[in-house]
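Visitor: Structure provided below as structure tokens; questions to follow.
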Amino acid sequence: MKDVLIDLRNITKSFDGTMVLDDLNLSVKENEFVTLLGPSGCGKTTTLRIIGGFVTPDQGQVIFEGKDITSLPPNKRPVNTVFQKYALFPHMDVAENIAFGLRIKGKSKQYIRDKISYALKLVNLDGYEHRQVTSLSGGQQQRIAIARAIVNEPRVLLLDEPLGALDLKLRQDMQYELIRLKNELGITFIYVTHDQEEALTMSDTIVVMNQGYIQQMGTPEDIYNEPENAFVADFIGDSNLLDGMMIEDKLVEVLGARFACVDTGFGTMQPVDVVIRPEDVELVSPGEGTIDGVVSHLIFKGVHYEMEVTARGFEWLVHSTACFPVGTEVGIRVDPFNIQIMNKPVDDDEKAVGNGEMD
Amino acid sequence: MKKFLERFYLVFIFIFLYAPIAALVILSFNESKYMSQWGGFSLKWYVDMFESSLIMSALRNTLLIAALSSVIATIIGTAACLAIHQMKPRSRAVIMGLTNIPMLNADIVTGISLMLCFIAFGISLGFQTVLIAHITFNIPYVILSVMPKVRQLEPSTYEAALDLGATPLYAFFKITFPDILPGILSGFLLAFTMSLDDFIITHFTKGAGINTLSTLIYSEVRKGIRPSLYALSSILFVSVLILLLIINRPKRNAEKNA
Amino acid sequence: MKWTRKLLAGPYLIWMAGFILIPLGLIFYYGLTDSSGAFTLENIMAITDPQRANSLWRALKLALISTVICLAAAYPLAMILKRIAKNRSSLIVFIFVLPMWMNFLLRTMAWQVLLDRNGVINNVLGFFHLPRLNIINTQTAIIFGMVYNFLPFMVLPLYNVLMKIGNDVVEAAYDLGATKVQTFFHVILPLSVPGIISGITMVFVPALTTFVISNLLGGGMILLIGNVIEQEFTFTSNWHLGSGLSLVLMVFILISMALIAKYDKEGEGGAF
């Protein structure tokens with residue numbers, strides 16, 4: 001077990017009377033790549049800024065290696081931030097930008113020079129020392145922003161949607177780049193994004209947030225395969241989200257048909273949410289599945305076909321490598337293992353809390 | 001404590017800026033003719049002001065020159081902005097440099113140079129030369145106000161209007177013009193204010209026959225300024241203050257436009 | 001279409017050529033010739049006359065002091081305004097432009113009343129048992145008038161340039177370990193240089209060349225280079241000499257313009 005590096009305890013924060021974070025608890029371990037994932041306004045950036053020291057929580061503590069740093073200003077914290085829009089100093093060249101933190105700390109000229117060339121090598125921008133930052137492309141500016149942060153040897157690197165302003169191809173390249181960097185540096189990364197694909201690609205741990213609450217925390221596989229509530233299921237990847245009734249353990253009724261599943265402990269005759277991933281819906285000949293339907297849409301997506309199947313008034317989203325033209329009658333079958341059962345939230349507040357606190 | 005110091009400093013600067021104005025408004029009600037004596041409350045200078053043909057003609061000249069010069073400068077300057085925006089960066093830089101000359105040059109040099117020019121070309125000094133001079137120094141204020149708005153223009157909206165069948169002129173007045181209007185208005189107001197407040201350039205280009213309020217006041221400095229002029233200035237100031245407060249009040253959200 | 005649009009600059013270019021470039025050319029012509037039209041440097045060398053040299057020296061000194069005071073007063077003011085008046089820039093411009101609707105000469109004259117030996121300020125000071133100010137008709141009064149008249153031209157460009165500094169670069173500096181003071185000197189101050197240069201120019205040039213403020217608050221006894229030039233045109237009518245002295249003044253104006261061109265390429269330090 002790795003050591004806990006940062007511990008957020010009972011953090012509460014509101015801006016102008018609007019609650020942004022409500023009693024948030026989060027532990028980050030040494031050398032972990034943690035991603036805070038959620039829609040805008042979910043509190044992920046505020047959480048990051050509380051760790052960075054730019055926002056003081058109304059209540060709660062920020063513990064770093066057992067020490068309370070809640071009231072420590074940003075310039076005294078052993079963390080550095082890579083900002084969303086880079087925030088490079090426009091009046092300095094690349095080398096001066098990277099040297100900023102080291103000069104503040106009064107490091108020797110030789111040390112600073114070595115560090116700059118080391119950092120530039122690390123971000124693949126060898127020889128860019130004396131370029132003006134304003135002459136660089138977005139991707140290059142982002143690499144400089146990363147170099148500027150890591151030369152200070154922070155224990156934790158905070159990244160606030162650092163790839164948000166880049167185009168798709170560059171964003172994908174930078175994702176691999178960041179994983180490589182993280183492995184070479186061996187430090188903790190806390191990464192904020194609203195892009196689920198980014199989160200799934202890079203993270204050791206994903207923290208899904210919504211309306212100031214943690215919805216679910218786990219490995220990318222856990223989050224994708226075992227979403228704990230409707231919000232997480234809906235937010236991560238595509239999914240079919242259905243109202244269901246738990247008949248008994250391992251048997252659920254959806255759209256009037258009974259599906260075998262593997263979940264237990266939801267009681268009997270209890271309303272539940274049922275999540276089925278589109279790639280887990282098998283299309284078979286009519287009558288061979290649990291329910292029958294008709295293909296109403298068909299789109300070729302490259303890797304697979306995306307189809308919509310109307311069955312018992314519900315539009316099922318289906319991903320399959322086999323092609324069923326529009327109008328084809330099909331049967332729908334789902335492996336019991338691929339049916340995910342979740343408790344229904346009781347009211348709005350609980351909807352926001354989700355299952356995060358029920359476990 | 002820090003907040004208190006900040007507030008204190010703001011109030012101090014505010015008093016510094018407005019104390020002489022308050023003093024003049026108070027003095028306009030002073031029965032005594034002398035600045036340093038309080039002779040009791042009186043409205044006589046307000047009456048006197050309307051009876052003085054000298055003051056009234058100076059007021060007329062001042063307002064006429066301010067209005068004409070700011071309107072003409074606004075038209076020329078706005079047209080220039082639209083054209084400059086289309087130019088290559090190099091010629092744009094040259095023209096903006098030219099625009100900066102009257103802004104950065106000393107008023108005394110601008111005034112003298114215009115005077116020499118008028119005399120050299122045989123234009124007799126008078127109302128028309130003051131007007132030309134005011135237009136000249138007003139154009140840069142208009143350009144500096146309008147240019148940022150023109151730069152922010154989204155060319156695609158204008159093109160969309162053309163695409164939807166609008167004539168260029170119609171597209172300009174329906175699409176481009178409303179977008180740059182705040183800049184044009186603030187440029188116009190600034191030009192009007194600068195023209196109203198100018199003394200030095202008017203001093204050199206006016207010739208003997210006419211006066212604006214500024215030159216009239218300057219000619220009276222030695223023998224003592226008649227308080228009727230305080231009265232007039234107070235009326236001007238207070239009416240503009242009220243006017244601007246009314247304009248600014250209902251649309252607080254639009255404040256960043258200027 | 002693009003070509004016809006450029007024609008819109010026509011009136012402006014003709015106007016600026018006719019009323020800016022030609023008049024400036026005339027100053028050069030008059031300044032470098034004598035009354036018979038022959039080339040001479042005499043009008044420019046006339047600045048070496050002790051009385052004129054003194055007036056130039058005095059003007060430089062007073063303008064420099066006023067500029068320093070304006071900068072020192074305006075910088076913290078602009079910082080405060082940036083903090084409290086986000087998105088209210090037109091209100092700020094409004095506050096600093098509004099006084100111009102009270103005539104400039106009257107506003108300046110009013111300081112005579114306020115600064116008078118028995119004036120309002122001395123009465124207030126006396127009430128608090130503070131020493132009285134006795135500055136009317138001195139160089140101090142002239143500096144006072146300069147600071148009063150030209151302060152807005154320092155505040156507005158500083159405010160504009162400070163408003164353009166993003167909060168993120170300031171946070172980045174804190175994040176990299178800089179204290180508030182270090183952030184100010186390494187980030188905020190260097191980024192506000194265009195506004196500083198623009199403000200310095202907009203205060204220094206009019207202060208250096210004024211003849212009105214010295215006339216109104218100096219009691220007519222303290223001559224600045226502006227007064228000397230003005231007299232050459234209005235009393236002695238020696239246009240050649242007046243133009244020659246103006247050329248000397250223009251050297252300082254040109255230096256200011258060169259500084260602006262160097263530090264403010266984007267025009268971001270503008271006042272309005």
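Visitor: Can we say B:SER156 is over 23 Å from B:THR74 (Cβ atoms) and either at pLDDT below 80 or in contact with a Phe, Trp or Tyr (Cβ under 6 Å, 6 or more places away or on another chain) (or both)? Walk me through how you get there before you give the answer.
Guide: Details: over 23 Å from B:THR74 (Cβ atoms): yes; either at pLDDT below 80 or in contact with a Phe, Trp or Tyr (Cβ under 6 Å, 6 or more places away or on another chain) (or both): yes.
Taking the combined requirement at face value, the residue satisfies it.
Visitor: Every residue in the range A:70-94 that is away from chain C (no Cβ under 14 Å) and either part of a loop (DSSP other than H, G, I, E, B) or in contact with a Pro (Cβ under 9 Å, 6 or more places away or on another chain) (or both), please. Reasoning before the result, please.
Guide: From the range A:70-94, those away from chain C (no Cβ under 14 Å) are A:70-71, A:94; that's our starting set.
Of everything in the range A:70-94, those that are away from chain C (no Cβ under 14 Å) and either part of a loop (DSSP other than H, G, I, E, B) or in contact with a Pro (Cβ under 9 Å, 6 or more places away or on another chain) (or both) turn out to be A:THR70, A:SER71.
Visitor: While we're on this one: Go through B:ILE26, B:ILE72 for me and flag whichever is over 15 Å from B:LEU229 (Cβ atoms) and surrounded by 13 or more Cβ atoms within 10 Å (Cβ to Cβ). Working first, answer last.
Guide: Working: B:ILE26 fails: over 15 Å from B:LEU229 (Cβ atoms).
Criteria check complete, one pass: B:ILE72.
Visitor: Here's something else I'd like to know. State whether one or more residues within the range B:4-21 are in contact (Cβ under 8 Å) with a residue 24 or more places away in the chain, within 30 Å of B:VAL130 (Cβ to Cβ) and not acidic (Asp, Glu).
Guide: Initial filter on the range B:4-21 (in contact (Cβ under 8 Å) with a residue 24 or more places away in the chain): B:21.
From the residues that got through so far, the ones that are within 30 Å of B:VAL130 (Cβ to Cβ) too are B:21.
Imposing the further condition that a residue be not acidic (Asp, Glu) reduces the set to B:21.
Taking every residue of the range B:4-21 in turn, at least one turns out to be in contact (Cβ under 8 Å) with a residue 24 or more places away in the chain, within 30 Å of B:VAL130 (Cβ to Cβ) and not acidic (Asp, Glu).
Visitor: While we're on this one: Just one of the numbered conditions (1) facing chain A (nearest Cβ under 10 Å); (2) surrounded by fewer than 23 Cβ atoms within 10 Å (Cβ to Cβ); (3) of a type outside the set (Lys, Arg) is not true of C:ALA172; which one?
Guide: Only one criterion is unmet by C:ALA172, namely (2).
Visitor: Quick one: count up the residues across the range A:196-218 that are among the acidic types (Asp, Glu) and free of Cβ contacts under 8 Å to residues at least 60 places away in the same chain.
Guide: So the answer is 1.
Visitor: Now for a separate question. Condition test on C:ASP116, is it surrounded by fewer than 20 Cβ atoms within 10 Å (Cβ to Cβ), without any contact (Cβ under 8 Å) to a residue 24 or more places away in the chain and within 8 Å of chain B (Cβ to nearest Cβ)? So that I can check it myself, show each step before the final result.
Guide: Numbers: surrounded by fewer than 20 Cβ atoms within 10 Å (Cβ to Cβ): yes; without any contact (Cβ under 8 Å) to a residue 24 or more places away in the chain: yes; within 8 Å of chain B (Cβ to nearest Cβ): yes.
Judged against the criteria, C:ASP116 is a match.
Visitor: Grab the helices (runs of 4 or more DSSP H) fully contained in the range C:1-71, keeping just those with 1 or more residues being at the interface with chain B (Cβ under 7 Å from one of its Cβ atoms). Outline the logic, then answer.
Guide: Working: elements: C:2-7, C:10-16, C:22-31, C:42-45.
Of the helices (runs of 4 or more DSSP H) lying wholly inside the range C:1-71, those with at least 1 residues that are at the interface with chain B (Cβ under 7 Å from one of its Cβ atoms) span C:2-7, C:10-16, C:22-31.
Visitor: Name every residue in the range A:287-309 that is surrounded by 15 or more Cβ atoms within 10 Å (Cβ to Cβ) and not in a strand (DSSP E or B), in order of residue number.
Guide: Scanning the range A:287-309 gives A:GLY289, A:THR290, A:HIS304.
Visitor: Let me ask another. Out of all the residues in the range A:33-55, which are closer than 14 Å to A:ASN75 by Cα and β-branched (Val, Ile, Thr)? Step through it out loud before you land on a result.
Guide: Applying the first criterion (closer than 14 Å to A:ASN75 by Cα) to the range A:33-55 yields A:49-55.
Result: A:ILE50, A:ILE51, A:VAL55.
Visitor: Out of the range B:31-65, which residues are among the polar types (S, T, N, Q) and crowded, with 20+ Cβ neighbours inside 10 Å? Spell out the reasoning first.
Guide: Our first condition is that a residue be among the polar types (S, T, N, Q); within the range B:31-65, this holds for B:32, B:36-37, B:42, B:52-53, B:57, B:61-62.
Across the range B:31-65, the qualifying residues are B:ASN61, B:THR62.
Visitor: With (1) within 10 Å of chain C (Cβ to nearest Cβ); (2) more than 15 Å from C:LEU106 (Cβ to Cβ) as the list, and B:PHE177 as the residue in question, which single condition is left unmet?
Guide: Against the list (1) within 10 Å of chain C (Cβ to nearest Cβ); (2) more than 15 Å from C:LEU106 (Cβ to Cβ), B:PHE177 comes up short only on (1).
Visitor: May I pose another question? Given the criteria within 30 Å of A:PHE235 (Cβ to Cβ), touching a Leu at 6+ places or on another chain (Cβ under 9 Å) and not aromatic (Phe, Trp, Tyr), does A:THR81 qualify? First the steps, then the outcome.
Guide: Values: within 30 Å of A:PHE235 (Cβ to Cβ): yes; touching a Leu at 6+ places or on another chain (Cβ under 9 Å): yes; not aromatic (Phe, Trp, Tyr): yes.
Here the answer is yes, as A:THR81 does meet what is asked.
Visitor: Confirm whether C:ARG83 is part of a helix (DSSP H, G or I) and exposed (fewer than 14 other Cβ atoms within 10 Å of the Cβ).
Guide: Working: part of a helix (DSSP H, G or I): yes; exposed (fewer than 14 other Cβ atoms within 10 Å of the Cβ): yes.
Considered against the rule, which asks whether it is part of a helix (DSSP H, G or I) and exposed (fewer than 14 other Cβ atoms within 10 Å of the Cβ), C:ARG83 comes out as yes.
Visitor: What pairs come out if I take residues in the range A:143-170 that are free of Cβ contacts under 8 Å to residues at least 40 places away in the same chain and surrounded by fewer than 20 Cβ atoms within 10 Å (Cβ to Cβ) and pair them with residues that are in a helix (DSSP H, G or I) and among the hydroxyl-bearing types (Ser, Thr, Tyr) whose C-beta lies under 8 Å away, six or more apart or interchain?
Guide: Close Cβ pairs satisfying both conditions: none exist.
Visitor: Quick check on my filter: what residues within the range C:27-70 are of a type in the set (Phe, Trp, Tyr) and surrounded by fewer than 18 Cβ atoms within 10 Å (Cβ to Cβ)? Before the answer, list the steps.
Guide: Start the filter on the range C:27-70 by keeping residues that are of a type in the set (Phe, Trp, Tyr), which leaves C:28-30, C:39, C:57.
Within the range C:27-70, C:PHE28, C:TYR29, C:PHE39, C:TRP57 qualify.
Visitor: Okay, moving on. Those residues that are of a type in the set (A, V, I, L, M, F, W, C) and more than 10 Å from chain C (Cβ to nearest Cβ), I need them from the range B:205-225; list them, please.
Guide: If the condition is that a residue be of a type in the set (A, V, I, L, M, F, W, C) and more than 10 Å from chain C (Cβ to nearest Cβ), then B:ALA208, B:ILE210 are the ones that fit.
Visitor: Counting just the residues of the range B:76-96 that are within 23 Å of B:LEU181 (Cβ to Cβ) and more than 8 Å from every other protein chain (Cβ to nearest Cβ), which one comes out surrounded by the fewest Cβ atoms within 10 Å (Cβ to Cβ)?
Guide: B:ARG92
Visitor: Regarding the range A:145-152, can at least one residue be identified that is within 14 Å of another protein chain (Cβ to nearest Cβ), assigned to a loop (DSSP other than H, G, I, E, B) and either in contact with a strand residue (DSSP E or B) (Cβ under 8 Å, 6 or more places away or on another chain) or under 21 Å from A:ARG49 (Cα atoms) (or both)?
Guide: Applying the first criterion (within 14 Å of another protein chain (Cβ to nearest Cβ)) to the range A:145-152 yields A:145-152.
Still in the running and assigned to a loop (DSSP other than H, G, I, E, B): A:151-152.
Keeping just the survivors that are either in contact with a strand residue (DSSP E or B) (Cβ under 8 Å, 6 or more places away or on another chain) or under 21 Å from A:ARG49 (Cα atoms) (or both) gives A:151-152.
Among the residues of the range A:145-152, at least one is within 14 Å of another protein chain (Cβ to nearest Cβ), assigned to a loop (DSSP other than H, G, I, E, B) and either in contact with a strand residue (DSSP E or B) (Cβ under 8 Å, 6 or more places away or on another chain) or under 21 Å from A:ARG49 (Cα atoms) (or both), which makes the answer yes.
Visitor: Go through (1) modelled with pLDDT under 85; (2) more than 10 Å from chain B (Cβ to nearest Cβ); (3) within 26 Å of B:MET96 (Cα to Cα) and name the single condition C:VAL248 misses.
Guide: (1)
The values are calculated or read from the model by the stated rules, or taken from the named source; none is laboratory data. Here the structure is a predicted model, which means the values were calculated and not measured. As a convention, Cβ positions derive from the backbone with ideal geometry for all residues, glycine included, and neighbour counts pool all protein chains shown.
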